[in-house]
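Remarks on the structure that follows.
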Amino acid sequence: MKGKTAALIMMVIAGIAVVLGMSCTSKPEVITNPKGYDLNKPVKYNMHINLTEISGIAFRHGKSDSLYAEEDENGNVYYLKLGDKKVSESRFGKSGDYEDIAISNNYTIILRSDGTLFTFPFNQVRNKEIQDVKKLKDVVPAGEYEGMYADEKANRLYILCKNCDGDKGKVSSGYILQLQNDGTVKSAGGFSVNVKAVEQLLTGKKKGAFRPSALAKNLNTNEWYILSSVNKVLVVADASWKIKNVYPLNPTLFNQPEGIAFDDQNNLYISNEGDLVSAGNVLKFNYTK
């Protein structure tokens, strides 16, 4: 009996030693932040059920009194005031895989996953049905697209490929389009994001394919902020698209980051798709100097 008791005690001691050893050797993941933002302390806004699959978000002229959004199933533009339970919508097209929204002065632009654009006058957004919609096909090469940004000063669109055959995992190709007064677009050049440079800065379990899901320009720093929902990271690049840093996103806060925008007070907003058990949301990160 004494022998069995001693053996049991030794097993318990060994188990404790293993647990202590694991706790000593396992380092918690460090979540760092871009200057001016704490990515662990958002103001969280849960979305209406109609925006469970919220994808892109945008402001007009950076004014945060109205947020404009779309989701990836229905051909609707949604608009709301963050914090209000009410959300309104306007129909612009048939059901489809819509991935991003941008507003450039007098036009609203919707990006479909195949690169097709839908443009219509901004002043029709609050109508029940939007009438003057232009469908622009083949404005970018074939591929899968999720990220788009509108430079309102230059009236240009920046579209970043999520998955294009020609990129071969080395770069993510981007395309610049000049928005015309009639809502059509013309090619105005291109750019690329160095995927290998991003991967070199990824560590541990965050390593994996870089698949851009949204992008926006921080006008305060002139830097590009690029989301990759696949491995939940935020990539920051300079004005020339050179990678500066990669920030892992806390998975408990970022369920599926699909949209990004800044307001005119330099506050950062990131939208997350929901699922069967959680609502879609928009996370606001207040800018601090």
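The values are calculated or read from the model by the stated rules, or taken from the named source; none is laboratory data. Values in this document were obtained by computation on a predicted structure and should not be read as measured data. Note that we place each Cβ from the backbone using ideal geometry, even for glycine, and neighbour counts take in every protein chain shown.
Can you work out which of the residues in the range 229-258 that are in contact with an Asp or Glu (Cβ under 8 Å, 6 or more places away or on another chain) and not in a loop (DSSP other than H, G, I, E, B) is surrounded by the most Cβ atoms within 10 Å (Cβ to Cβ)? This residue is GLU258. Against the numbered list (1) of a type outside the set (S, T, N, Q); (2) under 11 Å from the mean Cα position of the chain (by Cα); (3) under 18 Å from LYS41 (Cα atoms); (4) at pLDDT 95 or above, PHE262 comes up short only at (2). Kindly indicate the residue of the range 187-239 that is touching a helix residue (DSSP H, G or I) at 6+ places or on another chain (Cβ under 7 Å) and among the aliphatic types (A, V, I, L, M) and also modelled with the highest pLDDT among those meeting that condition. Of everything passing the filter in the range 187-239, VAL235 is modelled with the highest pLDDT. Apart from one condition, LEU136 fits all of (1) free of Cβ contacts under 8 Å to residues at least 60 places away in the same chain; (2) under 14 Å from GLU73 (Cα atoms); (3) surrounded by 16 or more Cβ atoms within 10 Å (Cβ to Cβ); the exception is (2). Candidates THR119, THR108: the one that is assigned to a strand (DSSP E or B), in contact with a Pro (Cβ under 9 Å, 6 or more places away or on another chain), at pLDDT 95 or above and not small (Gly, Ala, Ser) is THR108.
Counting the residues of the range 116-133 that are in contact (Cβ under 8 Å) with a residue 24 or more places away in the chain and either within 20 Å of SER55 (Cβ to Cβ) or hydrophobic (A, V, I, L, M, F, W, C) (or both) gives 8. In the set SER64, SER113, only one residue is more than 25 Å from LEU219 (Cα to Cα), out of contact with any helix residue (DSSP H, G or I) (no Cβ under 8 Å at 6 or more places or on another chain) and at pLDDT 95 or above; that residue is SER113. Can you tell me which residue is surrounded by the fewest Cβ atoms within 10 Å (Cβ to Cβ) among those in the range 106-124 that are of a type outside the set (Ser, Thr, Tyr) and more than 22 Å from GLY143 (Cβ to Cβ)? Here the answer is ASN123.
If you go through the range 70-105 and keep only what is part of a loop (DSSP other than H, G, I, E, B), more than 18 Å from the chain's Cα centre (by Cα) and surrounded by 15 or more Cβ atoms within 10 Å (Cβ to Cβ), you end up with ASN74, GLY75, VAL87, PHE92, GLY93, GLY96.
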